[in-house]
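Chemist: Below are the structure tokens for one structure; questions will follow.
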Amino acid sequence: MVSDKEVESAYKVAKERYAEVGVDTEEVLKKLQNIRVSLPCWQGDDIHGFLTPDEALSGGIGVSGNYPGIAKTPEELTKDLEEAFKLIPAKQRLQLHQIYAVTNGKKKDVSEVGPKDFKFWVDWAKENGIYLDFNPTFFSSPKVKENMTLASPEKGVRDYWIQVGKNARAISNYFGEEQGAQSVDNFWIMDGMKDEPISRLDPRERLIESLDEINKEKYDEKNTIESYEGKLFGTGVESYTVGSHFFYDNYALTRNKFWCMDIGHFHEAEDPSDYLSAFLAFGKGMFLHITRPVHWDSDHVPTLEDRTIRMMSALIRDNLLSKTVIGLDFFDASINRVAAWVIGTRATQKALLLGLLAPIDKLKEVENQYDFTLRFAETEELKSFPFGAVWDEFCLRNNVPVGMDWYKELKDYEKNVQFKRN
């Protein structure tokens, strides 16, 4: 266990090192303190939810692993989240899916779920200082017809899912009203085809019509804003995905909404950080899904890898944090589910810290003077600066375990709480 005195001593040295290149670590820590990351609630229970928890997942969704201690009730899931938040510095956000409605024993279809079914979550979030974001659930339902929902050729199918989308907007608006901060309502639909379609346009025109119908009611954007998540392909929709990146990019721009960019939905050879400035030069805002793709969309727990660092650095270098909500999207049942939240969120925060610990204004000035040698030299040297000491200080100031000390606390929780569920 590292002592507080050792952390403070190391931070003092790091503070002096960064000051030499014009970085005020105290200002950096203040900025990091105010950046909230939106965790995925579905990591805690393998995306079962509480409407039909015993039904198998479908619609291109699957979780690998069977680690013991899974949360099976709203109380167990919130208890696990509280444990995770104890081990993550600063205050964060939480994404809920529609299937996580708490209906108090009353059987409900997802199309019947409304704001009152999320009072449990709103009360809990207020007690814990957490902001809530939302996701309508367009999968794992018999109402999904041949991998189609809002783009279905059947009007009855479209109408059903339009109602689901309308309810989702009302729920997200309820979150925003209650928490006094905007809730992002993120739409991801799995619509597509396994083999080549005859028409690629017809389903997209139906999807546009459906989304426009969902958006007819006006809500105050201080409470809620919709985002639209593109995807390249998925299981069962390998040849054609209706809601592609370009489709939702354009829909968000023309409707003045957010675009959701999941970095797991891009080829490993691509650099999705470049899309941030390309879209936000025109768009209202962006909702990010930070994940770790292993051979594309596999939703692994994020780590402090180059792709995550580039994403966070791009936001900071171009001053785009005010137009972006950073969310996470992963599910892993092969390891302790609470540990996954902790590892993934802390890794994302570390990537943000690395981006903040750079003399951005100075480097921009150097770049505009065509001094690419100095730009190259200084950005390279910063990679070996003692950012870990600043991170440890950030944890210490937030009364969060430093280094691997969090793991000991988690193992105690695992033994005394999670494993007793089985």
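Chemist: Among the residues of the stretch 185-195, is any in a helix (DSSP H, G or I) and over 23 Å from V325 (Cβ atoms)?
Modeler: Within the stretch 185-195, not a single residue is in a helix (DSSP H, G or I) and over 23 Å from V325 (Cβ atoms).
Chemist: Filter the helices (runs of 4 or more DSSP H) completely within the stretch 201-292 down to those with at least 2 residues that are among the aromatic types (F, W, Y).
Modeler: Values: elements: 201-214, 245-255, 273-280.
So the answer is 245-255, 273-280.
Chemist: Something else: Regarding F419, is this residue exposed (fewer than 14 other Cβ atoms within 10 Å of the Cβ) and of a type outside the set (D, E)?
Modeler: Working: exposed (fewer than 14 other Cβ atoms within 10 Å of the Cβ): yes; of a type outside the set (D, E): yes.
In short, yes.
Chemist: May I ask you to verify whether A181 is surrounded by fewer than 21 Cβ atoms within 10 Å (Cβ to Cβ) and either in contact (Cβ under 8 Å) with a residue 24 or more places away in the chain or outside any loop (DSSP other than H, G, I, E, B) (or both)?
Modeler: Taking the combined requirement at face value, the residue satisfies it.
Chemist: Give me the residue from the stretch 271-302 that is at pLDDT 85 or above and loosely packed, with under 13 Cβ neighbours inside 10 Å and, out of that set, nearest to the chain's Cα centre (by Cα).
Modeler: Result: D274.
Chemist: Still on this structure, I have one more. Take the residues in the stretch 139-176 that are in contact with a strand residue (DSSP E or B) (Cβ under 9 Å, 6 or more places away or on another chain) and of a type in the set (D, E), then tell me which one is farthest from I99 (Cα to Cα).
Modeler: In this case the residue turns out to be E154.
Chemist: Restricting to the stretch 1-11, and then to whatever is assigned to a helix (DSSP H, G or I) and either under 33 Å from the mean Cα position of the chain (by Cα) or on the phi > 0 side of the Ramachandran plot (or both), can you tell me which residue is modelled with the lowest pLDDT?
Modeler: Going through the qualifying residues, I end up with D4.
Chemist: Can you name the number of the only condition in (1) touching a Ser or Thr at 6+ places or on another chain (Cβ under 8 Å); (2) touching a residue at least 60 places away in the same chain (Cβ under 8 Å); (3) under 22 Å from D117 (Cβ atoms) that A151 fails?
Modeler: With respect to (1) touching a Ser or Thr at 6+ places or on another chain (Cβ under 8 Å); (2) touching a residue at least 60 places away in the same chain (Cβ under 8 Å); (3) under 22 Å from D117 (Cβ atoms), A151 is out only on (3).
Chemist: Pairs needed: first member in the stretch 350-372, acidic (D, E); second member anywhere, at pLDDT 95 or above and in a helix (DSSP H, G or I); C-beta distance under 7 Å; at least 6 residues apart or different chains.
Modeler: Correct list of pairs: E367/R375.
Chemist: Related question: Cβ-Cβ under 8 Å, sequence separation 6+ or interchain: first residue in the stretch 232-256 and farther than 14 Å from P203 by Cβ and touching a residue at least 40 places away in the same chain (Cβ under 8 Å), partner crowded, with 16+ Cβ neighbours inside 10 Å and of a type in the set (F, W, Y). Which pairs?
Modeler: Hits for this filter: L232/F266.
Chemist: Identify the residue in the stretch 305-360 that is of a type in the set (D, E, K, R) and closer than 18 Å to R36 by Cβ and, among all such residues, is nearest to the chain's Cα centre (by Cα).
Modeler: Result: D329.
Chemist: Taking only the stretch 118-129 into account, find how many residues are touching a residue at least 24 places away in the same chain (Cβ under 8 Å) and at negative phi.
Modeler: Counting residues in the stretch 118-129 that are touching a residue at least 24 places away in the same chain (Cβ under 8 Å) and at negative phi gives 8.
Chemist: Say we look at the stretch 348-403 and pick out the residues that are touching a Cys at 6+ places or on another chain (Cβ under 9 Å) and buried (at least 17 other Cβ atoms within 10 Å of the Cβ); which of these is farthest from F85 (Cα to Cα)?
Modeler: Step by step, filter the stretch 348-403, then rank; the result is V402.
Chemist: Can you find even one residue in the stretch 98-113 that is under 20 Å from L211 (Cα atoms), in contact with a Lys or Arg (Cβ under 9 Å, 6 or more places away or on another chain) and surrounded by 19 or more Cβ atoms within 10 Å (Cβ to Cβ)?
Modeler: Scanning the stretch 98-113 turns up at least one residue that is under 20 Å from L211 (Cα atoms), in contact with a Lys or Arg (Cβ under 9 Å, 6 or more places away or on another chain) and surrounded by 19 or more Cβ atoms within 10 Å (Cβ to Cβ).
The values are calculated or read from the model by the stated rules, or taken from the named source; none is laboratory data. A quick note: this is a predicted structure, and the numbers were derived from the prediction, not measured. With ideal geometry, Cβ positions are generated from the backbone for all residues, glycine too; neighbour counts draw on all protein chains shown.
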